[in-house]
Amino acid sequence: MPSKSSKITIHMVSSLDGFIAKKDGDISWMESSDSYEKGIELSPEMIEAFLKSIDCYVMGANTYEHALELGWPYGDVPVKVLTHRNLKTERENVEFCSGDLAHLVNNHFKPNYQNIWMVGGAMLTKEFLRLHLADEIVLSMMPVILGDGVLFFDFIGEEQLLHLKDVKAYKDGMVELWYGVKKG
Ligand SMILES: NC(=O)c1ccc[n+]([C@@H]2O[C@H](COP(=O)([O-])OP(=O)(O)OC[C@H]3O[C@@H](n4cnc5c(N)ncnc54)[C@H](OP(=O)(O)O)[C@@H]3O)[C@@H](O)[C@H]2O)c1
């Protein structure tokens, strides 16, 4: 059974026009040169404490492969990669998973981890939303319009109500929207 206190948070960085990736995979737009005087500045200690609170990452195979190319940012934290392929890794913290997604989340991920972050990409986000598997959505919006690329998610086919839990604006112009997904 899923632990009562475990939760799934979808986190994504997007442009104002809702793209999470450029067509060519360039992510330099995630580094902002903007400056917002009243914004928050996070110290390295605050970032470290926040990252320590995450005890499992879940991602789609495309996001995993992109992360390998760009430089692995997940350290030794357990990472569950959804794939239908027979992928191999030497990283002990990476596990490839397939099968019924709701079953995996409720019977394998949630009973074993408290603070689970689903970090992309678009395809997996759509599945998580359609299956009502996410408890929270954190959208970090950068001050940029990309014009084209991969959308955060599209056409999930139903209305879902959200509860705005928090909004933070940072010194580099990033705005973080923190939502709870209303159930039922
Ligand atoms: N801006 C951000 O915050 C952010 C975050 C993450 C990713 N991204 C970007 O988004 C892009 C990737 O997104 P994406 O939508 O193309 O792909 P994705 O969601 O990362 O991965 C999709 C793949 O995951 C596997 N998969 C999905 N659902 C599955 C399931 N239920 N069971 C088994 N396997 C499943 C399939 O791979 P197989 O073919 O192996 O079966 C599928 O092709 C990259 O460019 C990445 O850099 C951006």
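Mind checking which residues of segment 51-63 are touching a Leu at 6+ places or on another chain (Cβ under 8 Å) and either near the ligand (Cβ under 8 Å from one of its atoms) or at pLDDT below 95 (or both)? Residues satisfying the conditions are Met59, Gly60, Ala61, Thr63.
Restricting attention to segment 69-82, the residues being within 11 Å of the ligand (Cβ to nearest atom) and over 14 Å from Gly121 (Cβ atoms) number 2. Residues that are in contact with a Phe, Trp or Tyr (Cβ under 8 Å, 6 or more places away or on another chain) and not in a helix (DSSP H, G or I) within segment 95-116 comprise just one, Ile116. Contact map, segment 121-136: residues that are charged (D, E, K, R) paired with residues that are crowded, with 17+ Cβ neighbours inside 10 Å and assigned to a helix (DSSP H, G or I), Cβ distance under 8 Å, separation 6+ or inter-chain. Pairs shown: Glu127/Leu101. Where strands (runs of 3 or more DSSP E) fall entirely within segment 1-87, those with at least 3 residues that are of a type in the set (Val, Ile, Thr) are at 7-14. Out of the residues in segment 117-143 that are near the ligand (Cβ under 6 Å from one of its atoms) and of a type outside the set (D, E, K, R), which is surrounded by the most Cβ atoms within 10 Å (Cβ to Cβ)? My answer is Gly120.
The values are calculated or read from the model by the stated rules, or taken from the named source; none is laboratory data. Everything numeric here is computed off the predicted structure, so don't read it as measured data. All Cβ positions, even for glycine, are placed from backbone atoms using ideal geometry, and neighbour counts span all protein chains on display.
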